[in-house]
1. Is it fair to say S18 is polar (S, T, N, Q) and within 17 Å of the chain's Cα centre (by Cα)?
2. Give the residue that is least open to solvent (accessible area, probe 1.4 Å), with candidates limited to residues of segment 50-83 that are within 15 Å of H136 (Cα to Cα) and aliphatic (A, V, I, L, M).
3. Taking W162 as the residue in question, decide whether it is open to solvent by 70 Å² or more (accessible area, probe 1.4 Å) and not in a loop (DSSP other than H, G, I, E, B).
4. Would you mind stating whether L50 is over 21 Å from P8 (Cβ atoms), among the aliphatic types (A, V, I, L, M), assigned to a helix (DSSP H, G or I) and in contact (Cβ under 8 Å) with a residue 40 or more places away in the chain?
5. Which of the residues spanning segment 84-123 are crowded, with 17+ Cβ neighbours inside 10 Å and either among the β-branched types (V, I, T) or not in a helix (DSSP H, G or I) (or both)?
6. Could you identify the single residue in V75, V30, V89 that is within 11 Å of the chain's Cα centre (by Cα), in contact (Cβ under 8 Å) with a residue 12 or more places away in the chain and more than 24 Å from A177 (Cβ to Cβ)?
7. Right, G154: open to solvent by less than 40 Å² (accessible area, probe 1.4 Å) and either of a type in the set (S, T, Y) or closer than 20 Å to L7 by Cβ (or both) or not?
8. Within segment 132-146, track down each residue that is surrounded by fewer than 17 Cβ atoms within 10 Å (Cβ to Cβ), assigned to a helix (DSSP H, G or I) and among the hydrophobic types (A, V, I, L, M, F, W, C).
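The values are calculated or read from the model by the stated rules, or taken from the named source; none is laboratory data. Note that the structure is a prediction, hence the values are computed from the model and not measured. Cβ sites come from the backbone with ideal geometry, for glycine too, and all protein chains shown count toward neighbours. SASA here: full protein model, heavy atoms, side chains in, ligands and nucleic acids out. Shrake-Rupley method; radii C 1.70, N 1.55, O 1.52, S 1.80 Å.
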Amino acid sequence: MRSKIILPVIFIAVFALSRIPGLMPLNFSVAYAFAFCAGVFFQRRLVWWLPLVVILATDIGLNFYYQHKFPDENVWSAGNLANLAFNYVAYAALIFLGRRFKPQTSIITLVGGGLLGAILFYLITNTASWLFNPFHNPEYARTLTGWIIALTKGVGGYPSTWEFFRNTLLSGGLFTALFAAAEKLTAESPAEKNAGAREPEPEAAEQPEESKA
C-alpha cells in the first residue's frame with residue numbers, strides 16, 4: 001500500500017521541480033517519462049486524470065510566467081493553445097503506450113518503451129508546430145518541405161530540431177530508468193512489485209477429458 005501512495009508523489013515532485021524555468025536544457029524534460037511511467041505504474045483510477053491534470057497545472061503556470069517575461073509574445077493565442085493541445089494528444093499516447101507494459105517488466109525494456117514514447121512525442125508535437133505555426137515562422141510552409149524542416153532544422157536562429165530531439169531521447173530514457181528504479185525501491189513485497197498490472201484474462205473452464213473407449 002505504501003508504494004501506491006509514495007510512487008505518484010515521487011513522480012509528481014520530480015516532474016514539478018523539473019519545470020522550473022531554466023533548470024533543464026531545452027527539451028530535456030521529465031514530462032515524457034512521467035506520462036509513460038504513469039501509464040505503467042499508476043493505479044487504474046489515477047492513470048489518466050492525475051498525470052494530465054498535473055501537466056496542465058504546470059503548463060498554465062508556465063504560460064503566465066512566459067507571458068509576463070515576454071509581453072510581446074501572445075502565449076494565449078488560439079494558434080499557440082491549439083499547438084499546446086497537441087502536446088496532450090502526445091501525453092495521452094505516452095500513457096496509452098505505458099499501459100501496454102507491466103510494472104514487473106525489466107528496467108531495460110521499460111527504458112526502451114520510454115525511448116519509443118519520446119520519439120512519438122517528438123513526431124506529434126513537431127508536426128503540430130508545423131501545422132499550426134503559432135509564431136508564424138516562415139520556414140514552416142504548409143508543404144512537405146516545411147514539415148521536414150520542422151522535424152530536422154527548425155527555426156533559423158535557434159538550435160536545430162535534431163538537437164531538441166537528442167535531448168528528448170536522453171531525458172526520456174534517463175527519467176524512465178529513474179522512475180522504474182524508484183518503483184522497485186518503494187515496493188514492499190513481490191505482490192506490490194506487481195501492483196497496477198492488468199488482471200489476467202479469465203480462462204475458460206477446462207472441459208473434462210472424454211473417457212477412453
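1. Working: polar (S, T, N, Q): yes; within 17 Å of the chain's Cα centre (by Cα): yes.
Answer is yes for this residue.
2. Out of the qualifying residues, it is V75.
3. On the way: open to solvent by 70 Å² or more (accessible area, probe 1.4 Å): yes; not in a loop (DSSP other than H, G, I, E, B): yes.
Here the answer is yes, as W162 does meet what is asked.
4. So L50 does not fit the description; no.
5. I95, R99, F101, P103, V111
6. V89
7. Values: open to solvent by less than 40 Å² (accessible area, probe 1.4 Å): yes; either of a type in the set (S, T, Y) or closer than 20 Å to L7 by Cβ (or both): no.
Spelling it out, it is not the case that G154 is open to solvent by less than 40 Å² (accessible area, probe 1.4 Å) and either of a type in the set (S, T, Y) or closer than 20 Å to L7 by Cβ (or both).
8. If the condition is that a residue be surrounded by fewer than 17 Cβ atoms within 10 Å (Cβ to Cβ), assigned to a helix (DSSP H, G or I) and among the hydrophobic types (A, V, I, L, M, F, W, C), then L144 is the only one that fits.
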